[in-house]
Amino acid sequence: MTVSLIARAGILAASLAVASVLVFGVVNVLPGDPAVVILGTDATPATLHTLREQLGLDHPGWERYLEWVAGMLHGDFGRSVISKTPVAPDLLEKLTVSGPLAVISMLVAVAVSLPLGLLAGVHHRRLSGALVGAISLGGIAIPAFWFGLLLVTVFAVRLGWLPAGGFTPWDEDPLLALRSLTLPAAALGLIQAAVLTRYVRAAIVGVQREDFIRTARAKGLTRWQALRRHGFRNAAIPVVTVLGVQLTSLLVGAIVIENVFVLPGLGRLLLQAIGNRDLVTVQDLVMLLTAAVLVVNFLVDVSYRLIDPRIRESR
């Protein structure tokens, strides 16, 4: 297993290296000139040339790439082209919003989908199972931003229970900060729960048709006992796979939700950086999100070996 983990870690490192090349290449071929954004269209060519030299935009692409990667490895994410301030502190500040939002949304999705998916899978031939399946299908069809606006209309505008937008820093009032994330996390988590419920249902239905479940039932175990002893672990592999995909979807989906609820997270920072042609900030944000996706996939792959001993032994 140790050799397999080392091999997977090597693949992760290689994937991160390839991703950094792609991110740097794509971001730097985008149309527009940061110098023009800073100085305006009325700036003279000499002034623009001087600013490009100050920003290092006149250096060869490979040199700027190596400087960028070396800086990230040492915790230096460069300076914003627009504000001239270090990007790393700004990213850490925004992560205090986007990170808890993604985690709370994932907890909501898991807490809702696992019992509902289990119920729908065990009773897939009954009315209760069909009803859960129909509700989950409807949830899949609803966009997260529209559902967020609906939650704001009901719980913020009409009932006044929760704030409609904005964010209170954690160090000022943790309770208000949590209240600020409640509606965005519900909007993200409940929509993802609809998707996950379908996969949990399919996994439970599939595992009940396996021969080892029939054998366990023939030995006198009830359906729930057979599932608890033999079925859940076998059904966990596809569910864990979807969980990893959904966690990365939450990071990307938070970009839209943060703008709906006016949250000062990574999503709003990314859109502002793109609008201002702040290449350094855009590169860092896209690379951060890409690294998060690759790391989650790595952890999901490692969890397979912990869940199913057959995979560990075969490797």
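No lab work stands behind these numbers, since they all come straight from the coordinates. Bear in mind the structure is a predicted one, so any value in this text is a computation, not a measurement. All Cβ positions, even for glycine, are placed from backbone atoms using ideal geometry, and neighbour counts span all protein chains on display.
Label separation (residue 304 vs residue 214): 2.7 nm, computed from points 7 Å beyond Cα along the C-beta direction. Packing order of peptides 177-187, 118-128, 159-169, highest average first: 177-187, 118-128, 159-169 (average count of other Cβ atoms within 10 Å over each peptide's residues).
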